[in-house]
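Asker: Take this structure first; my questions come after.
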Ligand SMILES: [Zn+2]
């Protein structure tokens with residue numbers, strides 16, 4: 001009741017409250033369901049995100065697709081009208097829904113007219129509690145998941161994955177270092193018992209966060225307490241710890257990508273060292289700085305690459321920074337040298353103070369328009385749930401402001417002093433090599449024909 005009173009106060013508060021996007025009052029129902037309700041600036045619409053704390057990382061390699069398959073199955077239907085009937089109900093409410101399974105969570109994403117928000121939430125609740133699936137539905141969902149993952153996993157695909165030809169350079173390095181499963185997860189062997197177990201263990205209110213942003217209904221808090229408060233909590237399941245680097249990988253490798261072509265890609269990947277504080281913002285700014293440095297050196301000064309880029313990725317429990325460039329295959333050695341020179345110069349002279357400040361201010365300015373509208377805010381809260389504390393999300397602009405040149409220099413040194421991993425992607429043959437091969441083949445064929453002709457002439461007696 002206390003939270004209900006508090007929620008009513010929240011909905012009646014000043015419009016200024018809606019404008020501070022980092023201030024979001026959240027509370028938990030007695031069954032553990034976390035609620036984040038935020039009045040938005042756009043009228044007539046609500047954005048709903050139901051975040052279920054189960055993702056691909058919670059499962060072994062051979063069971064990886066379980067949460068994803070379950071997510072699809074939950075749209076199988078809540079009564080005899082099946083999947084189509086469920087969709088028709090959402091259409092009748094004027095809403096739109098979808099769901100996504102990531103490494104960390106499974107999230108139901110809904111956009112709906114404000115006037116139907118409680119009915120839409122009712123439909124979502126029915127989907128969670130009423131959906132019954134049979135073997136036919138499981139097989140149908142398996143085909144869909146397979147198609148999403150790039151079609152049936154054929155013997156050839158599996159062979160190529162083992163030969164490291166089927167992964168991107170960073171994924172492939174993650175496999176080499178034991179951070180990622182070597183082969184694509186398969187759905188075929190997954191059983192109904194396994195799916196039921198996942199649903200029971202993880203689809204519980206104490207493992208969910210419901211985010212509603214927009215033109216909030218005054219009756220929403222009371223409705224949520226009554227309808228969603230009836231869900232039963234379960235004993236929480238532990239998330240497994242994320243894999244760390246377990247094996248070593250070659251410093252340098254060439255990966256064959258495709259058959260014929262003159263293009264190539266260069267990647268230098270390196271694990272991000274652990275820093276004391278604010279390391280995420282520090283590496284974000286460093287990434288921007290390095291991308292600009294690559295652009296200046298590889299594109300503007302040397303004309304070797306059209307769109308070089310820096311990237312941050314996480315595999316298992318390890319964050320990676322990578323410096324990447326699209327190239328002509330004839331320019332690989334030169335580009336490697338430019339990259340080495342760039343790293344050496346940064347280590348010797350440090351980051352340029354003016355450039356660093358310009359990039360930092362641009363990143364801060366970007367925050368003013370980075371998140372727009374109810375849906376943008378709901379997505380932002382979803383992505384930043386880990387940064388929510390005492391009714392506030394951390395303000396990225398303030399955190400970026402706190403990153404000093406000294407801290408960025410320290411991070412840069414720890415990053416670039418590592419040898420890292422160099423990966424070159426290129427097709428098996430260049431265009432020229434193919435021309436030479438064809439020329440050679442034609443030549444050999446010509447010689448064979450000539451030889452055959454001469455021998456025939458010798459063996460035919462003249463008159
Ligand atoms: Zn899917």
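Asker: Rank the residues 238, 186 as a footprinting-exposure proxy: fewest other Cβ atoms within 10 Å of their Cβ go first.
Answerer: 238, 186
Asker: While we're here: Sort the following peptides by mean Cβ neighbour count (other Cβ atoms within 10 Å, averaged over residues), highest first: 317-329, 66-78.
Answerer: 66-78, 317-329
Asker: For region 285-442, what does the relative contact order come out to in percent, with C-alpha contacts under 8 Å and a separation of six or more?
Answerer: Computed over region 285-442, the figure is 21 percent.
Asker: Please list 400-409, 170-179, 206-215 highest first by mean number of surrounding beta-carbon atoms within 10 Å per residue.
Answerer: 206-215, 170-179, 400-409
Asker: Note down the relative contact order for the chain as a percent, whole number, built from C-alpha pairs under 8 angstrom at least six residues apart.
Answerer: With pairs under 8 Å counted, the relative contact order is 21 percent.
Asker: In whole Å, what is the distance between the alpha-carbon centres of region 52-128 and region 166-240?
Answerer: Comparing the Cα centres of region 52-128 and region 166-240, I get a distance of 11 Å.
Asker: Same structure again: Specify the inter-centroid distance of region 371-446 and region 317-345, based on alpha-carbon positions, in whole Å.
Answerer: Centre-to-centre (Cα) distance: 12 Å.
Asker: Relative to the longest principal axis of the chain, what angle (0 to 90°, nearest 10) does the C-alpha long axis of helix 279-294 take?
Answerer: 40 degrees
Asker: Another question, if that's okay. Give me the angle, in degrees from 0 to 90, between the Cα long axis of helix 373-383 and the longest principal axis of the Cα atoms of the chain, rounded to the nearest 10.
Answerer: Around 70 degrees separate the two axes.
Asker: Which FRET efficiency value, to the nearest 0.05, is calculated for residue 428 and residue 226 with the Förster distance at 56 angstrom and r the Cβ-Cβ distance?
Answerer: Working from the Cβ atoms, E equals 0.30.
Asker: Oh, and also: For 453, 167, which order do you get if you count the other beta carbons within 10 Å of each Cβ and list the fewest first?
Answerer: The order, fewest Cβ neighbours first, is 453, 167.
Asker: For helix 117-130, report the angle its Cα long axis makes with the longest principal axis of the Cα atoms of the chain; keep it between 0 and 90° and round to the nearest 10°.
Answerer: 70 degrees
Asker: Using 7 Å Cα-to-Cβ label points, what is the residue 274/residue 147 separation (nm, one decimal)?
Answerer: Label at residue 274, label at residue 147, 4.5 nm between them.
Asker: Between residue 370 and residue 250, how many nm apart are label points set 7 Å from Cα along the C-beta direction?
Answerer: The modelled label-to-label distance comes out at 3.8 nm.
Coordinate-derived values only; no laboratory data. What you are looking at is a predicted structure, and each value in this text was computed from that prediction instead of being measured. Virtual Cβ from ideal backbone geometry, glycine too; neighbours counted across all protein chains shown.
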